[in-house]
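Read through the structure below, which is laid out as structure tokens, and then see the notes.
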Amino acid sequence: MDLLLSSLHILMRWDVVFALLAGSVGGVLIGAIPGVGPAVAIAILLPATFSMDPIVGLTVLLGIYGSSMYGGAIPAILINTPGTAVNALTTYDGYPMTARGEPRRALSLAYSSSFFGGIFSVLCLILFAPVLAKVAPMFGSREIFLAALLGIILVIVAHKGQSLIAGALAALGIFIQTIGMEPVKYTQRYTYDQPFLQSGVNLIVVVLGLFALSQAFVLLTSEDEKIRTTKLRGGLFQGLRELGRHPRVATVSASFGVLMGMIPGVGEFTAQFMSYTYAQRTSKRPEDFGHGSSEGLIAAETSNNAVPAAAMVPLLALGIPGEALTAMMLSVFYVHNVVSGPGLFQNQMDFVVALYIALLVLNVLVLVFLLFATRPLIQVVKIPNRFLGVCVLTLSFVGVYSLRNSASDCMIAAGFGVLGYILKRLDAPVVPIILGMVLGNIMEVKLRAGMARVKTPWDFIDRPIAFILFIVIIIVLVSHVRRVWLDRRELKEAEWQTKTRSTRFGGLLSRRKNSLLKARGKTVRGRHSLSHRQSTDQN
């Protein structure tokens with residue numbers, strides 16, 4: 001009880017309340033604008049949060065992170081364009097509902113499902129907080145190193161079909177974080193006698209370049225489209241009742257979101273597709289999926305909104321971000337010297353509980369806001385792309401320059417912006433670079449601290465948690481190699497079967513052609529012989 005009161009005391013401040021309101025409403029607006037997304041908004045706001053208290057800055061970022069998926073459902077359902085990347089699956093069943101004249105029902109069901117997923121996730125994590133507080137101190141330097149290594153491996157293997165490029169980009173991120181003064185002996189690494197590199201490459205500069213500036217370039221080079229939205233009539237409360245008819249789908253989907261959110265490198269997409277597949281296989285009407293199924297919409301929206309709160313677990317308990325947005329939040333901890341990890345649960349448990357309560361209140365605020373403000377909010381979808389691009393470009397450079405009043409940072413950000421633009425055009429992942437920088441730094445620091453007591457390789461994994469993490473890493477690597485090998489074998493078999501069919505078909509055509517030529521030859525010879533007989537008889 002004392003812990004709860006202490007956490008509420010942290011939240012009951014005017015600046016925290018204002019940050020929560022601004023983050024939740026701003027996140028919905030950002031999510032409703034196709035082409036922007038929470039990563040761009042958080043990257044732009046990061047420099048501003050460094051001057052705030054940790055709880056205020058994190059509340060703003062959490063508000064944008066947790067509420068953007070609510071807003072992203074609006075264009076996904078009304079114009080078949082996901083507001084955020086994770087709302088892509090919402091278009092499968094949301095837009096068909098709009099096409100048959102049920103946009104109000106689809107939006108209401110999406111809001112209700114998102115609300116259920118968010119509340120379910122936060123309640124689960126509040127209940128598990130005492131367990132996390134007991135488990136977190138069992139992680140030493142070696143365990144955190146192995147957990148960070150597992151996280152970066154999971155990020156790489158999660159990009160199916162792009163594992164090689166994801167691994168190369170993660171390695172690039174690890175290399176970038178080594179530039180500058182070495183943290184132990186203070187020797188220069190990869191600075192090449194350039195003064196602006198001695199302090200290293202700032203994480204926020206890279207984040208703003210890869211996410212904000214690259215997206216600004218994408219928006220500036222894309223054409224503006226004329227968007228027609230559907231008028232809404234009636235209330236938006238019926239989704240709450242309809243959600244109650246599918247409690248199994250909602251609960252299982254939220255559980256998938258919680259589990260996948262706690263695993264670094266997995267996130268919303270895996271949770272969504274697992275939930276959607278489960279809902280389709282267990283549905284009494286699986287043929288409706290993709291054509292306006294309420295169960296499909298529930299599965300997609302419940303699972304993706306259960307992830308944000310769960311993604312805070314590895315960040316707070318181990319100091320390991322699972323994806324780009326939580327990596328950005330980790331930088332707020334760095335700036336304010338708040339050490340996320342086992343010590344946070346031991347010494348500042350009220351701070352952790354306050355963040356979870358903020359997420360709980362956030363979902364309530366967003367639902368109330370959307371139920372009464374959806375109609376005017378639809379107009380946000382019509383903002384031209386190029387206007388958005390100019391705004392994002394300007395705010396990004398202002399944010400970069402405000403970090404250290406450095407023109408060099410602006411040049412570095414512009415370089416990474418071009419790199420991010422190229423990667424997006426090539427449909428290559430950007431996230432591994434950021435996670436490589438963050439996790440690479442954690443791995444270096446913890447490896448040096450852990451090696452002080454290691455004499456043999458076995459000493460590094462001689463503790464239970466370290467050994468379990470090592471086994472998990474081996475299993476993940478072996479499973480990935482096996483999957484790649486099986487995929488290549490299936491591809492070769494498919495190519496061989498296609499080649500065999502084409503050869504058989506070609507042989508059949510050849511035989512058919514020869515038979516036709518022979519038949520034609522016989523006919524021609526028959527005509528010649530007939531004409532010869534006729535001429536002989538005449539003679």
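Couple of notes before you dig in:
- Exposure ranking of PHE116, PHE333 by accessible area [1.4 Å probe, largest first]: PHE116, PHE333
- If R0 is 30 Å, the Cβ-Cβ spacing of ARG488 and THR277 corresponds to a FRET efficiency of close to 0.80.
- Rounded, prolate or oblate (a/c below 1.5 giving rounded, otherwise prolate when a/b exceeds b/c) for region 282-409 by Cα gyration tensor: oblate
- Pairwise FRET efficiency - LEU220 versus VAL478, Cβ, R0 = 45 Å, nearest 0.05: 0.50
- Amide hydrogen neighbours beyond the local backbone of GLN188, cut-off 5 Å, H modeled: GLU182
- Whole-Hz ³J(HN,Hα) from phi, Karplus 6.51 cos²θ - 1.76 cosθ + 1.60, for region 210-220, glycine and proline x: 5, 9, 6, 5, 4, 5, 4, 5, 5, 5, 5
- For mean projected area of the Cα convex hull in nm², the value computed from the atomic coordinates appears in the list (1) 25.3; (2) 38.0; (3) 28.1 under label (2).
- Mean separation of Cα contacts under 8 Å (6+ apart) over length of the chain, as relative contact order %: 25 percent
- Carbon plus sulfur fraction of accessible area for the chain, probe 1.4 Å, in percent: 64 percent
- Karplus-derived HN-Hα couplings along region 448-465 (A = 6.51, B = -1.76, C = 1.60, θ = phi - 60°), whole Hz, x at Gly and Pro: 5, 5, x, 6, 5, 10, 9, 10, 10, x, 5, 4, 6, 10, 7, 9, x, 5
- Modelled FRET efficiency - R0 56 Å, ARG448 with ARG285, Cβ distances, 0.05 increments: 0.45
- Options ALA48, TRP458, VAL252, ranked by Cα towards positive dipole end of the chain, top entry (Cβ charges): VAL252
- Relative to the current alpha-carbon distance between GLN379 and LYS134, full extension at 0.36 nm per residue lengthens the span by 83.3 nm.
- Vicinal HN-Hα couplings computed from phi for region 477-490 (Karplus, 6.51 cos²θ - 1.76 cosθ + 1.60; Hz; Gly/Pro x): 5, 5, 5, 5, 4, 5, 5, 4, 5, 5, 4, 5, 5, 5
- Per residue, the convex hull spanned by the alpha carbons of region 460-499 comes to 36 Å³.
- For peptides 286-295, 240-249, sequence by mean Cβ density within 10 Å, most packed first: 286-295, 240-249
- Computed on region 62-106, with alpha-carbon pairs under 8 angstrom and 6+ residues apart, the relative contact order is 29 percent.
- When each of the peptides 466-478, 164-176 is scored by the mean number of other C-beta atoms lying within 10 Å of its residues, the order from highest to lowest reads 164-176, 466-478.
- Near-label residues of region 126-145 by backbone N, under 13 Å of a point 7 Å along Cα→Cβ of ARG463: 135-145
- Relative contact order (%) - region 1-114, alpha-carbon pairs under 8 angstrom, separation at least six: 25 percent
- All other residues whose Cβ lies under 13 angstrom from that of ASP53 are scored, Lys and Arg at +1 and Asp and Glu at -1, for a net of 0.
- Protection proxy ranking of 182-194, 6-18, by the mean of other Cβ atoms within 10 Å over each peptide's residues and highest first, is 6-18, 182-194.
- When all alpha carbon pairs of region 25-151 are counted in 10 Å bins from zero, the resulting P(r) reads 12, 29, 30, 21, 7, 1 %.
The values are calculated or read from the model by the stated rules, or taken from the named source; none is laboratory data. The shown structure was predicted, so the numbers you read here are calculated from the model rather than taken from an experiment. Note: ideal-geometry Cβ built from the backbone for every residue, glycine included; neighbour counts use all protein chains shown. In case anyone asks, the SASA skips ligands and DNA or RNA and just uses the protein heavy atoms, side chains included. Shrake-Rupley method; radii C 1.70, N 1.55, O 1.52, S 1.80 Å.
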